[in-house]
Amino acid sequence: MTTRILALAALILGLLATPALAQYVDQPLSDSALERRAQALHKDIRCLVCQNQAISDSNASLAKQLRVVVRERIEAGDNDAEVKSYLVDRYGDWVLMRPPLNASTLILWIGPFVILAFVLGGTAVFVLRRRRQQQAGTAPLDAQEEARLAKILDDHV
Amino acid sequence: MRLRYLLPGIVFLVVAVVLGVGLTLKPREIPSALIGKPVPEFVLPAVEGRTGQFSTADLKTGSPVLVNVFASWCGPCRQEHPLFMELARTTDITIYGLNQRDAPADAARWLETFGDPYDKTGADFDGRASIDWGVYGVPETFVVDGSGCIQFKHISVLTRDVLEEEILPRLRGEKHVPCTP
């Protein structure tokens, strides 16, 4: 019994000691409303090391560190936009999972729609042209062609 | 009529050129948001066994300097280290070392083992200063002009090519980017 209690005490002590050693403690904020905001922001911030993950999904140490920084900014009273601009000032628009619409990202946002418009336009032109050809049918033969046709038929019969 | 037959060729060429240019880009290297910006405010103690501090004031002395972010846990740092040793030995370029998230004893041992090319070192234990500098990988090397304005950042191992083509000209004051606070 005493050994079990000792083991439990050692375990608890161990758990307490670990965060104290870490330089960044990745712990939720005590205020649940602020923590919800922090977690929502974590999903919008790109992990710069792993690049296709948000910091909410990444185990990289920089991601951990940035999660803590986001919580600190929120606790300091920053609104969501201020937290983002704090990080954008240091890492550029890259740090956002959803890049903002500006001159350098215009192609990124508009490009797919431009390509779609080209494809739809091309298809429409093709279909319309084809339909017009079908509707027009074949033009009647003129006199000269009638004569040639008659001659060919005569030759064969 | 002839355009109709040329069109697929033209489309192919455009796509090939765009993709070809895309292949030369390095998507892992995120351009620094701090080029043309003043260096962040920071004060860091020297790496263990050294005296003094490394701070913002050191970067506003009138002459351009290099700031190299390094750590003992960073393998590639060892690869570029001889180049910094050579610069320290053969030139009078001022080189500062920002030691990122290192155990004090490890950093000191690393500099003793491989040599210390730095005029000053700053130990960024918790990585705060590194975040302010927009550092996301180690090693990174910054060129800062005499007024404390960040001119250039190289990410990953510094090579002789990058040193000669990008860094030395900027240290001489070429390719200067005006500062916008």
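Just to be sure I understand, how many residues within segment A:50-59 are closer than 20 Å to B:E140 by Cβ and either polar (S, T, N, Q) or buried (at least 16 other Cβ atoms within 10 Å of the Cβ) (or both)? Number satisfying all stated conditions: 3. For segment B:31-38, does any single residue satisfy the condition of being out of contact with any helix residue (DSSP H, G or I) (no Cβ under 7 Å at 6 or more places or on another chain), of a type in the set (A, V, I, L, M, F, W, C), modelled with pLDDT of 95 or more and under 20 Å from B:F152 (Cβ atoms)? Within segment B:31-38 (the criterion being out of contact with any helix residue (DSSP H, G or I) (no Cβ under 7 Å at 6 or more places or on another chain), of a type in the set (A, V, I, L, M, F, W, C), modelled with pLDDT of 95 or more and under 20 Å from B:F152 (Cβ atoms)), the answer is no, since none of the residues qualifies. Among the residues of segment A:114-128, not a single one is in a helix (DSSP H, G or I), within 22 Å of the chain's Cα centre (by Cα) and within 30 Å of A:A40 (Cα to Cα).
Does at least one position in segment A:129-151 carry a residue that is over 30 Å from the mean Cα position of the chain (by Cα), within 30 Å of B:V14 (Cα to Cα), not in a loop (DSSP other than H, G, I, E, B) and not acidic (D, E)? Among the residues of segment A:129-151, at least one is over 30 Å from the mean Cα position of the chain (by Cα), within 30 Å of B:V14 (Cα to Cα), not in a loop (DSSP other than H, G, I, E, B) and not acidic (D, E), which makes the answer yes.
Looking at the structure I just gave you, is A:A17 at pLDDT below 90, over 24 Å from B:K153 (Cβ atoms) and within 14 Å of chain B (Cβ to nearest Cβ)? Answer is no for this residue. In the condition set (1) among the basic types (K, R); (2) in contact with a Phe, Trp or Tyr (Cβ under 9 Å, 6 or more places away or on another chain); (3) over 24 Å from B:G173 (Cα atoms); (4) away from chain A (no Cβ under 13 Å), B:R109 is compliant with all but (2). Within segment B:129-165, being among the small types (G, A, S), closer than 21 Å to A:A60 by Cβ and more than 10 Å from chain A (Cβ to nearest Cβ) holds for B:A129, B:S156.
Going residue by residue through segment A:97-105, is there one that turns out to be modelled with pLDDT of 90 or more and either closer than 22 Å to B:K153 by Cβ or at the interface with another protein chain (Cβ under 10 Å from one of its Cβ atoms) (or both)? Checking segment A:97-105: not a single residue is modelled with pLDDT of 90 or more and either closer than 22 Å to B:K153 by Cβ or at the interface with another protein chain (Cβ under 10 Å from one of its Cβ atoms) (or both). In segment B:51-103, the qualifying residues are those that are of a type in the set (D, E, K, R) and in contact with a Phe, Trp or Tyr (Cβ under 9 Å, 6 or more places away or on another chain), and the one that is nearest to B:L171 (Cα to Cα) is B:D58. Looking only at residues that are among the polar types (S, T, N, Q) and either touching a His at 6+ places or on another chain (Cβ under 9 Å) or assigned to a loop (DSSP other than H, G, I, E, B) (or both) in segment B:69-95, which one is surrounded by the fewest Cβ atoms within 10 Å (Cβ to Cβ)? This residue is B:T91.
Okay, residues lined up against (1) modelled with pLDDT of 95 or more; (2) within 14 Å of B:L163 (Cα to Cα):
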| site | (1), (2) |
| --- | --- |
| B:S63 | no, no |
| B:L66 | yes, yes |
| B:V69 | yes, no |
| B:G75 | no, no |
| B:L83 | yes, yes |
| B:E86 | yes, yes |
| B:G97 | yes, no |
| B:D102 | no, no |
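Restricting attention to segment A:24-56, which residues are at pLDDT 90 or above and charged (D, E, K, R)? Residues satisfying the conditions are A:E35, A:R36, A:R37, A:K43, A:D44, A:R46. Could you pull out the residue among A:D78, A:D57 that is more than 9 Å from chain B (Cβ to nearest Cβ) and more than 20 Å from the chain's Cα centre (by Cα)? Result of the check over A:D78, A:D57: A:D78.
The values are calculated or read from the model by the stated rules, or taken from the named source; none is laboratory data. Small disclaimer: the values here were computed from a predicted structure and weren't measured. Glycine gets a Cβ as well: all are built from the backbone with ideal geometry, and neighbour counts include every protein chain shown.
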